[in-house]
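A.B. asks: What follows is a structure written as structure tokens; I'll ask about it next.
No lab work stands behind these numbers, since they all come straight from the coordinates. Being a predicted model, the structure only gives us computed values, none of them experimental. Quick reminder, even Gly has a Cβ in these numbers, built from the backbone with ideal geometry, and neighbours come from all protein chains shown.
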Amino acid sequence: MNTLTRLLRFVRPYWWGTVVTMVLIFAITILKLGPAWMTKLIIDDAIPKESLPLVGVYLIGMIGVSGGLNLLGAVQLYLEQWVGQRVIFDVRGALYDHLQSQSMSFYDANQTGQLMSRVTNDVSQVQFFLTQGLSRLVTTFITIAANLTVMFWLDWQLTLISLVVVPLILWFQKYSVKVWPLFRKRQELQASLNVVIQENVAGIKLVKAYGREEFEADRFNTVNEEMRTVALQSWRVFGVTGPGQEFATYLSAIIIITVGGLRVMQGHLTIGDLSAFYAYVLTMFAPVRFLVFINQMALNALASGERIFEILDTPLDVMDRPGAVRLEHVRGAVSMENVSFAYGKGAPLLRDISIDVPPGKTLALVGPSGSGKTTLVNLIPRFYDPTTGNVRIDGHDVRDIQVEALRAQMGMVMQETFLFNASIRENIAYGRADASMEEIETAARAANAHPFISEMPNGYDTEIGERGTRLSGGQRQRLAIARAILVDPRILILDEATSSVDNQTDYLIRQALDTLMEGRTTIVIAHRLSTVQRAHQIAVMEAGRITARGTHSQLLRSSPLYAHLADIQFQLATEASASAGPATPVAQR
Ligand SMILES: Nc1ncnc2c1ncn2[C@@H]1O[C@H](COP(=O)(O)OP(=O)(O)O)[C@@H](O)[C@H]1O
Ligand SMILES: [Mg+2]
């Protein structure tokens, strides 16, 4: 019930809308009793008196009532949606905000598909209930109460007899509950189908290259067939319950006509009473037929609500401390002191890391893949917090600086450049949406990106497709560099791309990086020997520790691992320049 009260808390701002809706539902249900009563009056009063004007009066009454109740119905329908859609807008917004503020560890622990399904599926379950189920539930109870009252008043014995079919109707409803697991299954299958399709579209090149079309088609067909089976199963249930309840209602009609007819003959009832009674039974059974279904709908909404609150209740682990300072302009000293770190509850991955980078200087991290270089730099913008030890900017522990202010001081160029499905201009200005066109262009020039951008059909307004597929790796990197230049950060974190590009492009990127790094504190995970050589200090990482540090020439002597890495790099560099041949205007990759 806790979930229910919490859901209702979202409804509270629109409480008056809910109250008016309930009042309208009440009024409509009472008015619905009217037409059948008018019919009774026509039969019992107007017809015996053979008075056409009286028939006219009752008819006008009937039209008035049904017109009025449908008008109220229209208002109620809209108002109900007005409230429901607002509530769901708020729920969705709260979820989204909360997801955005979650730390990276949260995203490590939760699957993308799961999170998506909470924001879409679970929210729509709640929405379905709030905008339709709730009012139906209320309508049902008011209708049952109102109709039963009038029916008892007309003839309580006949009322009891007519209720004989209720157990049968309820039995069919219990049976109909079988569709809910099938519904859930269908949603899961839908999600699997989406995954298959998404992977096939995104990985179409791989599928074709390895001739796996048939394998993928099989994968698709399996899910597709299962969906058909489940859909048919649920329709089999509906096939039983729909007509079954119809039949039960029909049975009750027969009972009422037969027994009611007898009671008219015995003088207990008038013909008008019987006709009204008959109408009331039918209008009562109509909502009763959905009672169990709506109850299940409510239970599902509660289950979904629980899953939504589970997310909303996940505490934010990377948060501003009370009294965190808003650091406006940093000098850019970055240091770590005896830092160790583990992902989740795993074994420590980084151990006893200490670094000290003075403002404006460059630290290069080198080491084999998997040694923890990316993990180490992730601690600086607080994508994760260290398990022990601390990370400092200008001597302030990063946990004492407002997260937003902290990250505003940093520029990051990651190993993989993520580009949004938007124009080149928007992608460059991602960190500074207010940048002028001139500033964007200056940044692009500094990043050696301007030439290829201006050759594109729409220049800076060229839309780059999903995942920026229409750009080469080298071009994407330069866009990322331009993005960082535009932000003009004091501290720069570079995870150099390992993917090789041709010599000319490599030269352009290196030049762009030099511009970017100038005068900024830089921590670079370096794969290029040229970057390493220019760093003020170099740290060699092995299995989560810094095992050697110094300058290039010092490390060549002191660290066998470094000497080995440098050796490989030299070889690659030599091979690349040998194969490039004489300097020719190389097409930009
Ligand atoms: N989000 C994560 N959750 C758990 N383990 C991770 C995560 N990211 C990286 N790792 C593990 O941490 C180790 C170091 O990774 P990483 O810092 O990316 O190394 P490097 O950048 O030096 O190649 C690897 O064994 C990797 O599998
Ligand atoms: Mg890495």
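A.B. asks: With just the Cα atoms defining each centre, how far is region 94-121 from region 417-472? Give it in Å.
C.D. replies: Answer, in whole Å: 29.
A.B. asks: At a Förster distance of 35 Å, what's the computed FRET efficiency of MET456 paired with LEU206, Cβ-Cβ distance as r, to 0.05?
C.D. replies: In this case the efficiency is close to 0.80.
A.B. asks: Report the extension gain between GLU225 and GLN111 in nm, rounded to one decimal, defined as 0.36 nm multiplied by the number of residues separating them, less their alpha carbon distance.
C.D. replies: Numbers: separation 114, 0.36 × 114 = 41.04 nm, distance 2.56 nm.
Fully extending the segment from GLU225 to GLN111 adds 38.5 nm.
A.B. asks: How far apart, in nm, are two points set 7 Å out from the Cα along the Cα-to-Cβ line at SER558 and at GLU463?
C.D. replies: Between SER558 and GLU463, the simple spin-label model gives 5.5 nm.
A.B. asks: For the residue pair ASP317 and TYR250, what label-to-label distance in nm results when each label sits 7 Å from Cα along the Cα-to-beta-carbon direction?
C.D. replies: A separation of 6.2 nm, rounded to one decimal place.
A.B. asks: Sorted from fewest to most neighbouring beta carbons within 10 Å, what does the list PHE285, PHE220 look like?
C.D. replies: Ordered from fewest to most neighbouring Cβ atoms within 10 Å, PHE285, PHE220 come out as PHE220, PHE285.
A.B. asks: Quick one: length gained pulling ALA543 to SER423 fully straight, 0.36 nm per residue minus the C-alpha distance?
C.D. replies: 39.1 nm
A.B. asks: Taking the 0 to 90 degree range and rounding to the nearest ten, how far is the long axis of helix 503-517 tilted relative to the main principal axis of the chain, both from C-alpha atoms?
C.D. replies: Its long axis makes an angle of about 80 degrees.
A.B. asks: For a footprinting-style exposure proxy, rank ILE401, ILE271 by other Cβ within 10 Å, fewest first.
C.D. replies: Final ranking by Cβ density, sparse to dense: ILE271, ILE401.
A.B. asks: Quick one: if the Förster radius is 45 Å, what FRET efficiency do GLN81 and ALA191 give, using the C-beta to C-beta distance and rounding to 0.05?
C.D. replies: For GLN81 and ALA191, the calculated efficiency is 0.95.
A.B. asks: Right, here's the next one. Give the calculated FRET efficiency between ARG9 and GLN157 to the nearest 0.05, with a Förster radius of 45 Å applied to their Cβ-Cβ distance. Write down the numbers at each step before the final one.
C.D. replies: Numbers: r = 47 Å, r/R0 = 1.05.
My answer for the efficiency is 0.45.
A.B. asks: Angle between the Cα long axis of helix 213-265 and the longest principal axis of the chain, 0 to 90 degrees, nearest 10?
C.D. replies: That works out to roughly 20 degrees.
A.B. asks: How tilted is helix 437-446 with respect to the longest principal axis of the chain? Cα atoms for both, answer in degrees (0 to 90, nearest 10).
C.D. replies: 40 degrees
A.B. asks: So, in nm, how far is label ALA433 from label VAL19 when the simple model puts each one 7 Å beyond its Cα toward the Cβ?
C.D. replies: Distance between the two pseudo-spin positions: 3.8 nm.
A.B. asks: For the chain, which span is the longest to avoid every loop-located (per DSSP) member of GluC sites (Glu not before Pro) having at most 13 other Cβ atoms inside 10 Å?
C.D. replies: Details: sites that count: GLU50, GLU328, GLU416, GLU455, GLU518.
After excluding every exposed loop site, the longest remaining stretch is 51-327.
A.B. asks: Only counting other Cβ atoms within 10 Å, I'd like TYR384, TYR96 sorted with the fewest neighbours first.
C.D. replies: TYR96, TYR384
A.B. asks: Could you name the lysines in cross-link range of LYS185, using Cα to Cα under 21 Å and dropping any fewer than eight places away on the same chain?
C.D. replies: Cα-Cα hits under 21 Å: LYS174.
A.B. asks: Something else now. Below 8 Å, C-alpha to C-alpha, sequence gap of six or more: please give me the relative contact order for the chain in percent.
C.D. replies: 14 percent
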